1. What percent do you get for the relative contact order of the stretch B:460-564 when only Cα pairs under 8 Å and 6+ apart count?
2. Under 17 Å from a label point 7 Å along Cα→Cβ of residue B:598: give me every residue in the stretch B:470-501 with its amide N that close.
3. Sort the following peptides by mean Cβ neighbour count (other Cβ atoms within 10 Å, averaged over residues), highest first: B:674-684, B:704-714, B:464-474.
4. Working out 0.36 nm times the residue gap between residue B:206 and residue B:37, then minus their Cα-Cα distance, what length gain in nm do you get to one decimal?
5. Could you give the radius of gyration (one decimal) and Dmax (whole number) of the Cα atoms in the protein assembly as shown, in Å?
6. Across bins of 20 angstrom width beginning at 0, how are the C-alpha pair distances of chain B distributed, in whole percent?
7. Once you put a point 7 Å from the Cα of residue B:687 and another 7 Å from the Cα of residue B:260, both along the Cβ direction, what distance in nm separates them?
8. Just subtract the alpha-carbon distance of residue B:106 and residue B:568 from 0.36 nm times their residue separation and send over the number in nm, one decimal.
Amino acid sequence: MVHKVIVETTINGDPVELLCEPRQSLLEVLRDELDLTGSKEGCLTGDCGACTVIVDGRAVCSCLMLGAEAAGKHITTVEGLANGATLHVLQQKFLEHASLQCGICTPGFLMSAKALLDHNPNPTEGEIRYALAGNLCRCTGYDKIVKAVVDAARHGVGASQHGKVPTESTAEVTRDILEREKR
Amino acid sequence: MTQSTIKSEFTVIGTRPIRHDGIDKVTGRARYGADIALPGMLHGAVLRSPHAHARIRSIDMAKARRHPGVKAVVTGADFPEVKGVMAQVGELIVNTHYLSLNVMARGKVLYDGHAVAAVAATSRHVALEALELIEVDYEVLTPVMTAEEAMKPDAPVLLEELRTKLMAHRTDPGSAEGPDRPTNVPGHIRFERGDLAAGFRAAAHIVEREFVTAAVHQGYIEPQNALAIYGADGHVTIHCSTQGSFNVRTLTSSVLGIPEGSIRVVPAEIGGGFGGKTTVYLEPVATILSKLSGRPVKMVMSRADVLRATGPTSGTKMKVRMGAARDGTITAAEVWLAYEAGAFPGSPFAPGAMCTMAPYNVANLRIDSFDVVVNRPKVAAYRAPGSPASAFACETVIDELATLCGIDPLDFRILNGVREGMPQPAGPPYKRIGFIETCTAMRESAHYQARLEGPNRGRGVAAGFWFNGGLQSSATVNIHGDGSVSVVTGSVDIGGSRTTQAMIAAEVLGADINDVRPVVTDTDSIGHTDVTGGSRVALATGMAVYEAAHDALAQLKARAAKLWEKPIAEVRFAAGTFSAAGNGVPPMTLKQLATRLARTGGPIVGRATLNAGAVGAVGNAFAVACVDVEIDPETAKVRILRCSIAQDVGRALHPGYVEGQMQGALAQGIGWALSEEYFYDRNGLLRNAGLLDYRMPTCLDLPMIETVIVEVPNPHHPLGVRGVGEVGIVPPMAAVANAIYQAIGVRMTELPMSPPHLLKAIGQRGGVTLDSHAAAAD
Ligand code: FES
Ligand code: FES
């Protein structure tokens, strides 16, 4: 019988005290102990990014971190991205741009993109692609994901600002992005 | 960009509403199969073969059974013997005997990763500990790893009972048995027309090449999962992420000998499938473990399990000989294809043969295609199964012929391209199709019109065909008392399809898209619905929703007539409003009429069930890809500078998701072209069973993906829909190969075109360095 450890941490702004086995990954703890199943398991080896969460401001593969290591850390998961009923602008832009097909990769992309925009509110397309390169999406070919992040950044969302309802149509935004690409 | 031959008369169709399940998916609330947990649930795990080919002498489960926390163990001995029945399950033809052996080995293991035993325990960790305690005694046999090896007369035989079956013509059921001796080649199909020798005599240019493509995996990000609850009354409920809940029911029933009516399958949200989730792996195992333990059992594959034991698509060996007259007419084509099926018969060798020359009208043609068993995981469907590999071969040779004839590669394709009434390789004539329109749209695209300059750069194009559509679907459309509408189908939504179903109902009923709720339900709550696959959901389920909405509309009109005391024929419906001519009848909106349902006869449910026909009988789709590459002169790494895809979709219901399908297919094709491959060692063990080494494209590997939506309506669909999911993956491999040729003058005949393969090909060509070749070409 493996003995469990008590971990005190902060998840999505709330203090959490939990019991886990030392061998359990943070991903497993989030999903199986706390029922925060928004973080997904695609590989358990740090290669797909579906499990990405933000730990003390950095995007981290939660499958590569032990639950016990969460002690004293501030963790944000996809469940903590929206501000109550108001979606984060990234969430809104992912919906508008049809950036998800099956949606299994979406939580990871949202968290990686949030970590990027929190540090660099005005990234280039290249910087976006670099920041998202650890997240695999098999459905979309990334085009609409990158466009959504470009668009979110264009709406001036820095650290933890929440979305205003956009006015332009997707077509206008896309045209805009394409023009920016040309320049 | 959309190029349409039709003018839109729609208000909802063709717009881009936000998907109904979107908020759940961006907030993490959506429940995928692995997210579901039940009280008292156990966790199952599978022990897999460490050998590619071995006889199982014995399995000792005693220690595993005694491990604290283990509640049930199973081996092949716990599964019933299943007779070999060829069952048509959606677009698949499944031999249930082999399916059963693939789910759990008996007697022999046939690939690295083949399931040998399973346990259920109180946690995943305990289950994995128990697997370590299982003792299996194997007699290791020689593995056969490629089609070429397996077809040799002296090759070790995988399955003693196999005999070659010659299907002279797939549409003609008359098939002949081959010689009565064991073989690794259970299937051979041939299509033939014209006079091949005469065709080659008429050719001014003849190109002959051999090709090899590596097996590749669908690569869905969500591993397979299943949660089974075996009730004391013998009733089974299975929650899983599948493309076809009715498939899971049928297949689990046949593997376990449980009546279909005793199984309910509840489809969870699904994290990608691409054909790979149309069969069963874990579902029967979880069901037996649940029966033995009396508890719900959840099983989730690891990524290594996914790569080792779930269907990739076939590796192939192919030969093409093709001739063209001076004016560019293809005079003859001879194609030989061998598809690796994995350990059990059933590669996509027949569709590969039916698709390979499908875009071209060639008078003299012979196509032979073979199904070959090898010691690899049994292949599963993967986006346009069979077509991408055979298109890679033929589209490369076609590019070479176009160059020899001095004709632009798109003009060459248009010159030889199929039009309505011309024969498909399998014989029957095409109905209204849009191949020429698709080639033309690509020729006129911004991408193709732009010049590409610079050393080691080149542009390539290629075309592809896929059947699309058909099969069975059911739909119900409920009109609620507040005028809102729910659309219920059994088609699992893998990329936004439930919103397109809602759009169809909204269009018919004149309702706001936000007042229509789409629901995907379980196998007890809707009529039979075939897989989400074969590009058939928008097409066939869309047809069912269209009819069900019309059924509801007819009933609504009858209610209005009753209220107004008018004959039904006098009730008009336009722009969401019911009206009737004459003395002071005030028009009513759908919402107003809905409030009167209770008093005029109760709720309204529109229904439709249909069989949209055999796969390929409706819908046929073509795509053309254009790719610009640059080759790094030092590493031979190929960079994609620009890429675009044109595709005839018939009608784009939700253009955002149509573009998404086209972009995703092209991206998968580029992975297939450049970096993805199954890498087996000499002993037949998979050496890259992880996502670091099985290298799928990341967003750094790709540019934006331009789409050209071509709309040549499908005359067999009320809305003109053809289906959109698959054909986009067919052309990219040849497009990349043709671009590489344009860049550095090397013909690539092996996939993937990774740096080692490219360096080898450059070396064979005479060790020309890339820069100097480019300089010489200038
Ligand atoms: S599950 Fe953590 S990176 Fe894939
Ligand atoms: S949307 Fe399916 S993996 Fe990204």
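1. 37
2. Zone members listed by number: B:479-484.
3. The peptides rank, most packed first, as B:464-474, B:704-714, B:674-684.
4. Value of the extension gain: 54.7 nm.
5. 27.9, 90
6. Bins of 20 Å from zero give 16, 47, 30, 6, 0 percent of pairs.
7. Inter-label distance under the simple model: 4.6 nm.
8. Gain on extension, residue B:106 to residue B:568, equals 159.9 nm.
The values are calculated or read from the model by the stated rules, or taken from the named source; none is laboratory data. Just so you know, these numbers come straight off a predicted model, no measurement behind them. Counting neighbours? That spans all protein chains shown, and the Cβs are built from the backbone with ideal geometry, glycine included. Just the protein is used for accessible areas: all its heavy atoms, side chains included, with ligands, DNA and RNA removed. Shrake-Rupley method; radii C 1.70, N 1.55, O 1.52, S 1.80 Å.
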